[in-house]
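Step one of this worksheet: look at the structure below.
The values are calculated or read from the model by the stated rules, or taken from the named source; none is laboratory data. Remember, predicted model here, so these are calculated numbers, not experimental data. Cβ sites come from the backbone with ideal geometry, for glycine too, and all protein chains shown count toward neighbours.
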Amino acid sequence: MFVHSVYLNVSDSKKMMILLVILYLLVISSILVSSVPFFIQLSLLIFLLLHSFYIFYFLYSPKKHPLNKAYIFSDLKIKTAAGWGEVLPHSFVHPYCIIIHSHINQQRQKPLILFNDSVTAEAHRHLRIFIRHPHKTKEN
């Protein structure tokens, strides 16, 4: 059965959070093991703490993304509450992760990173197919 659109109801991804925590722990351990003066280590750790807060609170919040609660059609058009847009061709598709680059109302949006646990399995599968093989309409 061919589906013409997918409704995105994005939730927080546990896999993304685990990946970010592991990444930050590796960076913290490398700072602590390094042979730089204590003051520099302390300033790097404070900077890293502020950066992690910024990433977790402001950048990685898929529920605040403009593509949350949007319809993505098989011809890669997007309908959101803010208006119409399109998925850009350099979006990335992997079996476990989709990175969607988009324009909405002629304004470029920040990329939306969708792990396979942040949307339903069916929506993830349809999005992978839509982005790999966009359905051409007469307008295209």
One residue from Asn9, Asn68 being of a type outside the set (A, V, I, L, M), touching a Leu at 6+ places or on another chain (Cβ under 8 Å) and touching a residue at least 40 places away in the same chain (Cβ under 8 Å): Asn68
Meets criteria (farther than 21 Å from Asp117 by Cα, assigned to a helix (DSSP H, G or I) and β-branched (Val, Ile, Thr)) for Ile46: yes
Verdict on Val27 being loosely packed, with under 14 Cβ neighbours inside 10 Å, free of Cβ contacts under 8 Å to residues at least 24 places away in the same chain and farther than 24 Å from Val6 by Cα: no
Residue count, region 11-29 (criterion: touching a Pro at 6+ places or on another chain (Cβ under 8 Å) and modelled with pLDDT of 90 or more): 0
Any chance Ile78 is among the β-branched types (Val, Ile, Thr), in contact with an Asp or Glu (Cβ under 7 Å, 6 or more places away or on another chain), in the same structural domain as His124 (by TED's automatic domain parsing) and closer than 16 Å to Ala123 by Cα: yes
